[in-house]
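The values are calculated or read from the model by the stated rules, or taken from the named source; none is laboratory data. Since the structure is predicted, the reported quantities are computational estimates derived from the model, not experimental observations. Here Cβ is always computed from backbone atoms with ideal geometry, including for glycine, and neighbour counts include all displayed protein chains.
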Amino acid sequence: MENIIKDAGVRMDKSLEALRSELAKVRSGKATTALLDGIKVDYYGNPAPLNQVGNLTVLDPHTLAFTPWDKSMVQITDKAIREANIGLNPVSDGTNLKIPIPLLNEERRRELVKLVKRFGEETKVAIRNVRRDANDHLKREQKEKIITEDQLKDAETRTQKLTDDHIKLIDEILKHKEKEIMEV
């Protein structure tokens with residue numbers, strides 16, 4: 001019984017981490033290296049993330065900088081960022097890239113808030129699915145006489161509390177991200 005509840009908690013935590021990871025990629029008008037996490041470049045025939053072919057830094061709240069370890073990677077990286085379709089246009093000086101982060105207009109901000117809310121709803125569904133799986137396991141154990149009916153009720157209550165805590169945390173994360181996006 002304890003293992004089922006513990007496993008449910010671990011799976012719910014993983015769902016939260018996945019949400020945080022997705023939200024880090026959503027542009028909020030501020031420069032963050034996470035914006036470029038999904039971009040891969042062709043590094044001698046192998047796709048490689050940007051952070052494995054150079055140094056990615058935040059110069060100021062509206063500019064990222066990329067310094068490749070191999071100077072031949074400047075043009076390849078420039079092309080990869082442009083083709084990623086994330087609305088960024090790097091500026092090359094031959095050895096480095098500066099990546100200005102354009103300000104978001106009101107309409108784009110609202111679209112991003114909708115996207116963030118969709119990520120949140122998907123995560124809530126995942127959390128509820130974990131709860132359902134845990135409760136199904138618990139009911140199976142009660143049916144097989146491994147646990148009593150009172151233990152089942154207690155475990156279901158604890159699983160529900162775990163679910164409620166995670167849903168509340170998702171709401172807080174979404175509220176914070178929405179505020180960050182709408183901030184001019």
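For the reader, a short list of remarks on this structure follows.
For every residue, the table says whether it meets (1) closer than 19 Å to Ala24 by Cβ; (2) modelled with pLDDT of 90 or more; (3) assigned by TED's automatic domain parsing to the domain that holds Asp93.
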position: Asp37; (1), (2), (3): yes, no, yes
position: Asp42; (1), (2), (3): no, no, yes
position: Gly45; (1), (2), (3): no, no, yes
position: Leu50; (1), (2), (3): yes, no, yes
position: Leu59; (1), (2), (3): yes, no, yes
position: His62; (1), (2), (3): yes, no, yes
position: Phe66; (1), (2), (3): yes, yes, yes
position: Met73; (1), (2), (3): no, no, yes
position: Thr77; (1), (2), (3): no, yes, yes
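- Ile99 being aliphatic (A, V, I, L, M), at pLDDT 90 or above and surrounded by 13 or more Cβ atoms within 10 Å (Cβ to Cβ): yes
- Flag if Leu35 is within 29 Å of Glu183 (Cβ to Cβ) and part of a helix (DSSP H, G or I): yes
- Residue match in region 33-43 (condition: touching a Leu at 6+ places or on another chain (Cβ under 8 Å), within 19 Å of Lys175 (Cα to Cα), surrounded by 17 or more Cβ atoms within 10 Å (Cβ to Cβ) and not aromatic (Phe, Trp, Tyr)): no
- Tabulated pairs, region 98-125, first over 27 Å from Gln160 (Cα atoms), second buried (at least 18 other Cβ atoms within 10 Å of the Cβ) and of a type in the set (Ser, Thr, Tyr), C-beta under 9 angstrom, 6+ apart or interchain: Leu104/Ser28; Arg109/Ser28; Leu112/Ser28
Condition check ((1) in contact with a helix residue (DSSP H, G or I) (Cβ under 6 Å, 6 or more places away or on another chain); (2) at pLDDT below 90; (3) closer than 25 Å to Ser28 by Cα; (4) among the hydroxyl-bearing types (Ser, Thr, Tyr)) across all residues:
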{"residue": "Lys117", "(1), (2), (3), (4)": "no, no, yes, no"}
{"residue": "Gly120", "(1), (2), (3), (4)": "yes, no, yes, no"}
{"residue": "Lys139", "(1), (2), (3), (4)": "no, no, no, no"}
{"residue": "Leu152", "(1), (2), (3), (4)": "yes, no, no, no"}
{"residue": "Thr159", "(1), (2), (3), (4)": "yes, no, no, yes"}
{"residue": "Glu178", "(1), (2), (3), (4)": "yes, no, yes, no"}
{"residue": "Ile181", "(1), (2), (3), (4)": "yes, yes, yes, no"}
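- Test: residue in region 102-112 that is over 20 Å from the mean Cα position of the chain (by Cα), surrounded by 12 or more Cβ atoms within 10 Å (Cβ to Cβ) and in a helix (DSSP H, G or I): no
- Taking the criterion of being more than 11 Å from Met1 (Cβ to Cβ) and part of a helix (DSSP H, G or I), the residues of region 135-153 that qualify are Asn135, Asp136, Lys139, Arg140, Lys143, Glu149, Asp150, Lys153.
- Cβ pairs under 9 Å, 6+ apart, first in region 48-73 and in a strand (DSSP E or B), second among the aromatic types (Phe, Trp, Tyr): Gly54/Phe66; Gly54/Trp69; Asn55/Phe66; Asn55/Trp69; Leu56/Phe66; Thr57/Phe66
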